[in-house]
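The values are calculated or read from the model by the stated rules, or taken from the named source; none is laboratory data. If you're wondering where the values come from, they're calculated on a predicted model, not measured in any experiment. Using ideal geometry, Cβ is built from the backbone for each residue, glycine included, and neighbour counts are taken over all protein chains shown.
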Amino acid sequence: MTVKTRFAPSPTGFLHVGGARTALYSWLYAKHTGGEFVLRIEDTDLERSTQEAIDAIIEGMEWLGLDWDEGPYYQTKRFDRYNEVVDQLMAEDKAYKCYAPKELLDEIREEQMAAGLKPRYDANHPRIIEANSNVADDAPFCIRFRNPKEGSVVFEDYVRGRIEFSNSELDDLIIRRTDGSPTYNFCVVIDDIDMGITQVVRGEDHINNTPRQINIYKALNAKIPEFAHCSMILGDDGAKLSKRHGAVSVMQYRDEGYLPQALLNYLVRLGWSHGDQEIFSMEEMIELFRLESISKSASAFNTDKLLWLNNHYIKSSEPEYVAKYLQWHMDAKEISVENGPALTDVIQLVGERCNTLVELAEQSRYFYQDFEEFEAGAAKKHLRPVAKEALELAKAKVEALDTWTTENLHTVIADVCSELELGMGKVGMPLRVAVTGQGQSPSVDAVMQLVGKDRVIKRIDLALEYINQRAAQ
Ligand code: GLU
């Protein structure tokens, strides 16, 4: 049977890292098996679902590159279908109308708690039996699923192994509310049946829903999918991951300068492993991913590791790939890349020094934008009157260069050093500060090559002016 998995977020907020990991595992399993992946928006909770959240989830999935073969489906567009199945269950006496008012259920719940019992709907409670007999024609009711009273529900979870729930623990679930709307646990089952889902990958917070859902599958004589319930993601302090630990929204990781590939690689390892391998290309992830290898224990988020992976992908990915995402940050910083070197060249030169694209954008600025001032500390240290001669000679040699190559620029610097009998630092550092405005950069010859002849000359002039002003003070 062809594998079909799904990601089924409730649009009550942005796409967070926990959701993104679930989506990734589901997606990877579909890709690994040559199956299909469905995106389904579970928006039945009308009060908490927003269009903004739907857009944010789709934006997050697209940014991560987790494409779907079908969908997005919306539960709110399928109410007729859910009602049709409710009617079918009613006709088969597998569901029934319940007239017990909320106040009564609350009272019974309190009684149960006072008696030390687990609060639950008890269809055999005399007061509920009474409430459900001799009812007026127009009395409000909800519809409950007739859960089996005997036996138990057993399923084999990919992550947690054999799981068994006794039916005596499960009460008769409401499947249609008094206002006529279908309930969440019911819609999920109908969707997973109709969409032909074969493996359900979701968070372990849903594990208690699974036996209830399985009973509905059975009542409908539908094939029960397999399940993989993934453990939680914790912050580095061991508490459940929340905003307090920093970014939790996937798009915030974009804003902070992560590459989707780094985040995906980070997420895949957060609760899944293949030996002790840490770096996985997308192809490797797809090839090696197994639901069986998802870890049972909760995983702790580690920002340092994510930064390390991000640096790895910045320096080792195709520069075109990095450029696609760096461009967003250049735009955000209003650095136009039109009048300057190709962004891919800058990435190859500067990328390895940066852990994030935010840093990389900042470190790329001087290739595209002129500056009026030098970084104060660097200028104070390196743009001193003694550097004047070196900068003037370098400028003259640079002006005379016919071919603007890194190699020739390297020779220019070496010649200045030998002609003036100066060490490399006494020439290279003033030049670096002049050309970049700062005290740190990649190799200055390569930087000059990309900055370009006109700009280099203009910036050496600016540095000489600075030195003259300083001397005059
Ligand atoms: N909509 C649920 C959630 O966002 C997921 C339900 C499921 O995967 O079955 O937590």
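Of (1) at pLDDT 90 or above; (2) over 33 Å from the mean Cα position of the chain (by Cα), Lys118 satisfies all except one. Which?
In the conditions (1) at pLDDT 90 or above; (2) over 33 Å from the mean Cα position of the chain (by Cα), Lys118 misses (1) alone.
In this structure, is Arg78 more than 19 Å from Gln213 (Cβ to Cβ), within 15 Å of the ligand (Cβ to nearest atom) and of a type in the set (D, E, K, R)?
Spelling it out, it is not the case that Arg78 is more than 19 Å from Gln213 (Cβ to Cβ), within 15 Å of the ligand (Cβ to nearest atom) and of a type in the set (D, E, K, R).
Just the residues that are farther than 16 Å from Gly257 by Cα and in contact (Cβ under 8 Å) with a residue 40 or more places away in the chain, please, taken from segment 341-371.
Within segment 341-371, Pro341, Asp345, Val346, Leu349, Tyr366, Phe367, Asp370, Phe371 qualify.
Considering each residue of segment 3-36, count those that are surrounded by fewer than 23 Cβ atoms within 10 Å (Cβ to Cβ), more than 27 Å from Asp255 (Cα to Cα) and hydrophobic (A, V, I, L, M, F, W, C), and give that number.
Total satisfying the criteria: 1.
Does Phe374 count as among the hydrophobic types (A, V, I, L, M, F, W, C), over 25 Å from Gln348 (Cβ atoms) and in contact with a Gly (Cβ under 7 Å, 6 or more places away or on another chain)? Quick ask: steps written out before the conclusion?
Numbers: among the hydrophobic types (A, V, I, L, M, F, W, C): yes; over 25 Å from Gln348 (Cβ atoms): yes; in contact with a Gly (Cβ under 7 Å, 6 or more places away or on another chain): yes.
Yes, satisfied.
State whether the residues of segment 395-405 include one that is more than 29 Å from Leu259 (Cβ to Cβ), in contact with a helix residue (DSSP H, G or I) (Cβ under 9 Å, 6 or more places away or on another chain) and of a type in the set (S, T, N, Q).
Yes, some residue in segment 395-405 is more than 29 Å from Leu259 (Cβ to Cβ), in contact with a helix residue (DSSP H, G or I) (Cβ under 9 Å, 6 or more places away or on another chain) and of a type in the set (S, T, N, Q).
Being within 14 Å of the ligand (Cβ to nearest atom), over 19 Å from Lys118 (Cα atoms) and touching a residue at least 40 places away in the same chain (Cβ under 8 Å) is the requirement here; does Gly203 meet it? Full working, then the answer.
Numbers: within 14 Å of the ligand (Cβ to nearest atom): yes; over 19 Å from Lys118 (Cα atoms): yes; touching a residue at least 40 places away in the same chain (Cβ under 8 Å): yes.
Against the criterion (within 14 Å of the ligand (Cβ to nearest atom), over 19 Å from Lys118 (Cα atoms) and touching a residue at least 40 places away in the same chain (Cβ under 8 Å)), Gly203 qualifies.
Rundown of residues vs (1) buried (at least 16 other Cβ atoms within 10 Å of the Cβ); (2) on the phi > 0 side of the Ramachandran plot; (3) within 14 Å of the ligand (Cβ to nearest atom), yes/no style:
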| site | (1), (2), (3) |
| --- | --- |
| Glu164 | no, no, no |
| Ser168 | no, no, no |
| Arg176 | yes, no, no |
| Asn185 | yes, no, yes |
| Val188 | yes, no, yes |
| Asp191 | yes, no, yes |
| Gln199 | yes, no, yes |
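Name, by its number, the condition in (1) in a loop (DSSP other than H, G, I, E, B); (2) crowded, with 17+ Cβ neighbours inside 10 Å that does not hold for Ile143.
Going through (1) in a loop (DSSP other than H, G, I, E, B); (2) crowded, with 17+ Cβ neighbours inside 10 Å one by one, Ile143 breaks only (1).
With the checklist (1) more than 19 Å from Gln88 (Cα to Cα); (2) out of contact with any Pro (no Cβ under 8 Å at 6 or more places or on another chain) in hand, flag the one item Phe165 doesn't pass.
Unmet for Phe165, out of (1) more than 19 Å from Gln88 (Cα to Cα); (2) out of contact with any Pro (no Cβ under 8 Å at 6 or more places or on another chain): (2).
Would you check which residues across segment 5-35 are more than 10 Å from the ligand (Cβ to nearest atom), modelled with pLDDT of 95 or more and among the aromatic types (Phe, Trp, Tyr) and list them?
Answer for segment 5-35, where residues must be more than 10 Å from the ligand (Cβ to nearest atom), modelled with pLDDT of 95 or more and among the aromatic types (Phe, Trp, Tyr): Tyr25, Trp27, Tyr29.
State all residues of segment 130-170 that are more than 40 Å from the chain's Cα centre (by Cα) and among the polar types (S, T, N, Q); if no residue qualifies, say none.
Asn132, Ser133, Asn134
When you check Asp55 against the structure, is it among the acidic types (Asp, Glu), over 19 Å from the mean Cα position of the chain (by Cα) and away from the ligand (no atom under 14 Å from the Cβ), yes or no?
On the way: among the acidic types (Asp, Glu): yes; over 19 Å from the mean Cα position of the chain (by Cα): no; away from the ligand (no atom under 14 Å from the Cβ): yes.
In short, no.
Working only within segment 209-229, note down all residues that are over 19 Å from Thr44 (Cα atoms) and within 12 Å of the ligand (Cβ to nearest atom).
If we filter segment 209-229 for residues that are over 19 Å from Thr44 (Cα atoms), which is where we start, we get 211, 214-215, 217-229.
Hits for segment 209-229 are Pro225, Phe227, Ala228, His229.
Taking only pairs six or more apart or across chains, which ones have beta-carbon atoms under 6 Å, a first residue in segment 456-468 that is assigned to a helix (DSSP H, G or I), and a second residue that is polar (S, T, N, Q)?
Taking only residues 6 or more apart or on different chains, not a single pair turns up.
Got at least one residue in segment 68-90 being of a type in the set (S, T, N, Q), crowded, with 18+ Cβ neighbours inside 10 Å and either modelled with pLDDT of 95 or more or under 22 Å from Ile233 (Cβ atoms) (or both)? Full working, then the answer.
Kept after step one, since they are of a type in the set (S, T, N, Q), are these residues of segment 68-90: 75-76, 83, 88.
Filter once more, so that each one left must be crowded, with 18+ Cβ neighbours inside 10 Å: 75.
Now narrow it down to the ones that are either modelled with pLDDT of 95 or more or under 22 Å from Ile233 (Cβ atoms) (or both): 75.
Yes, some residue in segment 68-90 is of a type in the set (S, T, N, Q), crowded, with 18+ Cβ neighbours inside 10 Å and either modelled with pLDDT of 95 or more or under 22 Å from Ile233 (Cβ atoms) (or both).
Among the residues of segment 230-240, is any buried (at least 21 other Cβ atoms within 10 Å of the Cβ) and either within 30 Å of Lys97 (Cα to Cα) or within 14 Å of the ligand (Cβ to nearest atom) (or both)? Lay out the reasoning, then the answer.
Restricting attention to segment 230-240, the residues satisfying the condition of being buried (at least 21 other Cβ atoms within 10 Å of the Cβ) are 230, 233.
Right, trim to either within 30 Å of Lys97 (Cα to Cα) or within 14 Å of the ligand (Cβ to nearest atom) (or both) and you get 230, 233.
Within segment 230-240, one or more residues are buried (at least 21 other Cβ atoms within 10 Å of the Cβ) and either within 30 Å of Lys97 (Cα to Cα) or within 14 Å of the ligand (Cβ to nearest atom) (or both).
I need the full set of residues from segment 212-223 which are buried (at least 18 other Cβ atoms within 10 Å of the Cβ) and in contact (Cβ under 8 Å) with a residue 40 or more places away in the chain, in order please. Outline the logic, then answer.
Kept after step one, since they are buried (at least 18 other Cβ atoms within 10 Å of the Cβ), are these residues of segment 212-223: 212-216, 219.
Arg212, Ile214, Asn215, Ile216, Ala219, listed by residue number.
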